[in-house]
Amino acid sequence: MEVSTCGLDCQECRFYQTSCNGCRAVEGRPFWTDTGCELFICCSEKAYYSCGDCPELPCKQFTDLKDPNISDEEHLKELDKRVKRLRSNLSN
């Protein structure tokens, strides 16, 4: 499984290996942003590999970054899944 900086499973993304090769491969500049992913930038500035390294996970920036195509309920479920994935990757 390739896990993005913010805990997404890249292989679950419909854009993986078509429009995006993963946030690390594109250095935090996926096709959907001109300025760069704010979570990737935050981790880079703090010298973290992922948001899972941050003691503030889940921070406001992490929880506020929502896919506009999903409901608030789906967003909360996805946040929980991503946080668990990031924390489990710390022990790997």
Hey, Pro30 in a loop (DSSP other than H, G, I, E, B) and either under 18 Å from Leu79 (Cβ atoms) or in contact with a His (Cβ under 6 Å, 6 or more places away or on another chain) (or both) or not: no
Just name the residue that is surrounded by the most Cβ atoms within 10 Å (Cβ to Cβ) out of those in region 55-88 that are assigned to a helix (DSSP H, G or I) and basic (Lys, Arg). Arg82
Looking at region 59-77, I want the residues that are closer than 21 Å to Cys42 by Cβ and have a partner that is part of a helix (DSSP H, G or I) and open to solvent by 70 Å² or more (accessible area, probe 1.4 Å) with Cβ atoms under 9 Å, at least 6 apart or on another chain. Which pairs are those? Gln61/Glu38; Thr63/Leu76; Leu65/Glu38; Lys66/Asp72; Asp67/Glu74
Tell me which of these Gly52 doesn't satisfy, since it passes every other one: (1) modelled with pLDDT of 95 or more; (2) in a loop (DSSP other than H, G, I, E, B); (3) among the small types (Gly, Ala, Ser). (2)
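The values are calculated or read from the model by the stated rules, or taken from the named source; none is laboratory data. Predicted, not measured: the structure shown is a model, and the values here were computed from it. For neighbour counting, all protein chains shown are included, and Cβ atoms are generated from backbone atoms with ideal geometry for every residue, glycine included. The accessibility values were calculated without ligands, DNA or RNA, using every heavy atom of the protein model including side chains. Shrake-Rupley method; radii C 1.70, N 1.55, O 1.52, S 1.80 Å.
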